[in-house]
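The structure under discussion appears below in the form of structure tokens.
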Amino acid sequence: MTNIILCGGSGTRLWPISRTLMPKQFVKLFDDMSLFQMTVERNAKVCQKQCVVSNTEQYFLALDQLEELGKENSSYLLEPVGRNTAPAIALACLACESEEIVFVTPSDHLIKDEAAYAKVLQEAEALAREDYLVTFGITPDFAETGFGYIEADGCDVKAFHEKPDKATAEKYLSANYRNPESGTRDTLYLWNSGMFMFKAGLFLEELKKYAPDIYEASQKAFNCAQKGEQIRIGYEEMLAIPEESIDYAVMEKSNIVKVVPADIAWSDVGSFDALYEELPKDEKGNTLNENHIGIDSHNNLIYGTARKIATVDLEDTIVVDTGDALLISKKGSSQKVKQVVKTLQKNSQLHHIHRTAHRPWGTYTILEETPGYKIKRIVVKPGKRLSLQKHYHRNEHWIVVSGTATVTVGEETKIIRPNESTYIKMGEVHRLSNEGVIPVVLIEAQVGEYTGEDDIVRIEDDFERS
């Protein structure tokens, strides 16, 4: 069985923790593990390999985190632009054998009852082997308006329902517990989990039947893709695929769909209110944080490692500090964080990137930035190098703190050791490499009229970035 892991999405409801270049699935929220890593570990017990579907930036995050887990039996399918779940799953299935059972999961779900989860997967696999498309319905414990619902009769799907209003959600929940005399629940309203299991070829057959335009465009894009260490779909070919979810494209139309009810202590950790419920807390109901000083403060989510956070007489509040951004919200209102992100998208990069940015070669941290200059701390992993590049609007001064850097400027290559420096003039072609066995750490001072990250002209790149 292959676990197709969908890594799309930026988790805007968890800003400022989650950003476009470090979405929530890769943030280490639980015991120094990310939701992506927990997904891989959990599903590796039943799946022999993983197929990670992501964009290029997320690919390098996934690669690093899989290396931490020691997982080497993974394949990668890289999308230049997202077209929703139906095309993503179709492209991944085209890379599998027709009879291969695939288990499609998001990368950002938390599942705490793994014993119940294992039983649910066994039931789903049996149905998948009998040529059904299987979806998973989460047993609801409150009237949630943020999820779609599946109306079921046992494992038979009666209908899919859009995200309801509060009254409709409460109606669904009460229907699950009617007829107290017999104790039966003939009809269930389940949360639509976004998890699926089926034979790869069977899904493609149903996609061809009910969404032939998506099937044909996906087939063309896959045939034209670069196939090497990763499968890289071309931009124009990807853009030509109609954008659609698997539910709309196939699941709501097919007559071979089954649902497996799943009571597995599931959460999509889709808001700070949901995150608060999952994090450990102290005796006052505040989330555990060694940087927090709480005076008569109760039932708060306190997140932050950059600074001390002191609260006085604070209750039922969310406080999230990431060093470059501070969020304060009443509990129960955290869904509105999406509105903050929409505002940021107009005039800021704070929705897009953290002060520390992860790159395939390592990381950089912005220490200070004002008009005219920027100071960074750069860490280059052993055996990695930055792209061969130049800048039109800035000069750079590099000072090595630790490790040994190999620096190419124009036609000259030289070794820079700790406490040594080099200078790169505006317009000069240059490259930074780490040929040693320990990380290279250096301070970079940029001086110029513009120091944005888009002032990079890549001439050659090991990671095939434009």
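The values are calculated or read from the model by the stated rules, or taken from the named source; none is laboratory data. The structure presented is a predicted model; accordingly, all values stated were derived computationally and were not measured. Every residue, glycine as well, gets a Cβ built from its backbone with ideal geometry; the counts of neighbours run over all protein chains shown.
Tabulated data for the structure shown
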| read-out | value |
| --- | --- |
| Restricting the range 84-128 to residues that are assigned to a loop (DSSP other than H, G, I, E, B) and among the polar types (S, T, N, Q), the residue that is surrounded by the fewest Cβ atoms within 10 Å (Cβ to Cβ) | S98 |
| Which listed residue is aliphatic (A, V, I, L, M), touching an Asp or Glu at 6+ places or on another chain (Cβ under 7 Å) and free of Cβ contacts under 8 Å to residues at least 40 places away in the same chain, from V260, V312 | V312 |
| Test: residue in the range 336-346 that is free of Cβ contacts under 8 Å to residues at least 60 places away in the same chain, out of contact with any Leu (no Cβ under 7 Å at 6 or more places or on another chain) and either in a loop (DSSP other than H, G, I, E, B) or hydrophobic (A, V, I, L, M, F, W, C) (or both) | no |
| Scope the range 407-450; condition part of a strand (DSSP E or B) and farther than 21 Å from T365 by Cα; matching residues | T408, V409, E412, T413, K414, I415 |
| Listing of helices (runs of 4 or more DSSP H) fully contained in the range 155-246 that carry 3 or more residues being out of contact with any Cys (no Cβ under 8 Å at 6 or more places or on another chain), modelled with pLDDT of 95 or more and more than 28 Å from E123 (Cβ to Cβ) | 212-224, 235-239 |
| Residues that are touching a residue at least 60 places away in the same chain (Cβ under 8 Å) and of a type in the set (D, E, K, R), drawn from the range 390-426 | K390, R394 |
| Residues that are among the hydroxyl-bearing types (S, T, Y), more than 18 Å from E114 (Cα to Cα) and either surrounded by 19 or more Cβ atoms within 10 Å (Cβ to Cβ) or touching a His at 6+ places or on another chain (Cβ under 7 Å) (or both), drawn from the range 33-58 | S54 |
| Residue that is in contact with a Pro (Cβ under 6 Å, 6 or more places away or on another chain) and among the hydrophobic types (A, V, I, L, M, F, W, C), where the choices are M251, M238 | M238 |
| Subset of the range 245-296 [small (G, A, S) and within 17 Å of V319 (Cβ to Cβ)] | S271, A274, G285, G294 |
